[in-house]
1. What residue among 79, 52, 104 has the largest mean-square fluctuation in a Gaussian network model of the chain, using Cα springs under 10 Å?
2. Would you kindly calculate the mean projected area, averaged across all directions, of the convex hull enclosing the Cα atoms of the chain, in square nanometres?
3. Using label points projected 7 Å from each Cα along Cα→Cβ, tell me how many nm separate residue 131 and residue 61, to one decimal.
4. Need the full-extension length gain, residue 94 to residue 39, defined as separation in residues times 0.36 nm minus the C-alpha distance. One decimal, nm.
5. By how many degrees, between 0 and 90 and to the nearest 10, does the Cα long axis of helix 44-53 differ from the longest principal axis of the chain?
6. I'd like the distance between the alpha-carbon centres of region 94-110 and region 13-31, rounded to an integer number of Å.
7. Given the options 76, 57, 106, which has the most mean-square fluctuation in a GNM of the chain, springs set between C-alpha atoms less than 10 angstrom apart?
8. Using r as the Cβ-Cβ distance of residue 108 and residue 74, and R0 as 30 Å, what FRET efficiency do you calculate, to the nearest 0.05?
């Protein structure tokens, strides 16, 4: 088999594996949010465990740790107010409690091909946010 064909096939497999890992890390973050919606937000450690165990992919971490905060919804997301839910929001919406769940995984290479590192990030992250109140 031609060396060029081997390099091309390896690159295609690497990109496919990277896409799979990116989907798995987002699914893990969403699994943590689903766990919080079902069982509540009082145990952030259990939510982190749901992230790491949410998929069958090893190496996924709940990093940064799940974060519970007060915030105001805006047109582009949520503006954090820390733990202050008493201060009214600038717009018509009331402040609420939110949970941010994040997941990360470090990409692993089949072969150390230099062009793959230029195309793909070294770490994939997933993030999910849930309004809890």
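FYI, it's all coordinate maths here, none of it is from the lab. No experiment lies behind these values; they were computed from the predicted model shown. No Cβ is skipped: glycine too gets one built from the backbone with ideal geometry, and neighbour counts run over all protein chains shown.
1. In the Gaussian network model the winner is 79.
2. So the Cα hull casts an average projection of 9.9 nm².
3. Calculated label separation equals 3.3 nm.
4. 17.4 nm
5. Around 20 degrees separate the two axes.
6. One Cα centre to the other: 13 Å.
7. Of 76, 57, 106, the most mobile in the Gaussian network model is 76.
8. Given R0 = 30 Å and the Cβ-Cβ separation, E is 0.20.
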